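Trainee: The structure follows.
The values are calculated or read from the model by the stated rules, or taken from the named source; none is laboratory data. These figures come from a predicted structure and were not determined experimentally. Please note that ligands, DNA and RNA were not included when accessible areas were found on the heavy atoms of the full protein model with its side chains. Shrake-Rupley method; radii C 1.70, N 1.55, O 1.52, S 1.80 Å.
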Amino acid sequence: MLTLLMYVVIIAVIAALLFFSASAVFGRGEELEPLPEGTTATVLPAEGVTGDDVRMLKFQQTLRGYKQSEVDWALDRLGAEIDLLRSRLAAIEAPITAEPPTTAEPPATAEAPAAADER
């Protein structure tokens, strides 16, 4: 009977050591408070989204995949940024394409007809 009691005590001590070491390594099980409604941990800059910003995007995973609202938000932001950049590019290119083509002939001067009359 004493041997059985020793086994139980040894197992309890080992379990306690494992519990405390796991608690020290992984934390004490505190949970962060949930994010307020309508906010997200997904971050993009307010303006000037770059390729690195898109590559660094992280979405919160839920039971069935990514949180759809965060993915939709990021896609809407990227779509708006792309539309803005394309409209700016079109505004810059419009004056360039609206210029009339230049000709290789120099413009006629007022002196040219007078010189022809003198002959």
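Trainee: How large is ³J(HN,Hα), in whole Hz, for each residue of segment 69-86 in order, when computed from phi with the Karplus curve 6.51 cos²θ - 1.76 cosθ + 1.60 and θ = phi - 60°, using x for Gly and Pro?
Mentor: 5, 5, 5, 4, 4, 5, 5, 4, 4, 5, x, 5, 5, 5, 4, 4, 5, 5
Trainee: Please work out how much accessible surface ILE11 shows to a 1.4 Å probe, ignoring ligands, DNA and RNA, in Å² rounded to 10.
Mentor: About 120 Å², rounded to the nearest 10.
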